[in-house]
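No lab work stands behind these numbers, since they all come straight from the coordinates. Just so we're clear, the structure is a prediction, and the values are computed from it rather than from any experiment. So basically every Cβ, Gly included, is an ideal-geometry build from the backbone, and we count neighbours across all protein chains shown.
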Amino acid sequence: MRLPASVLLAIAVAASLSLSALAAEPFGFSDQDRADVNCLAASSIALGNAAANGAPDSAEAVGITTVLTYFLGKLKGRHADLRVADVLTPAVYQALTPILVTEAQRCGAEAIMIGGELERAGKLLSAAQDAPSTRRNGT
């Protein structure tokens, strides 16, 4: 059985993640950075699993990709010059394996919290848009 390129890419990304890549910490990684790398790795693994299960374009895969992008954005926001290849190494995956379930739960909880914040903000914006205008004529 030959796997599609998207599946192979997702699996390669998941397999390449390694905490030992952070040992040199070229960007002065903090505990928060390491936690976000773990979330990036856990999301990559979940995306690889979704792809391997034949659902690379499913709603689940889209949601996982959103979470992955969120954690990558956090890292890039703190380290604009970060190259993804600097944190995508085989040792991160190996180091994450024993704590994968715990980290996936922690990362999922953070993603759910952020999703809730976005949902609340969206409701406030919708309500403001639906409310009668408080502006006066000409202002």
Run the numbers for I112 and L125: contour at 0.36 nm per residue of separation, minus the present Cα-Cα distance, in nm. 2.7 nm
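Please give the peptides 90-102, 114-126 ranked by average Cβ packing (other Cβ atoms within 10 Å per residue), highest first, as a rough proxy for protection.
90-102, 114-126
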With θ set to phi - 60° and the Karplus curve 6.51 cos²θ - 1.76 cosθ + 1.60, what are the ³J(HN,Hα) couplings of segment 106-112 in order, to the nearest whole Hz, using x for Gly and Pro? 5, 5, x, 4, 5, 4, 5
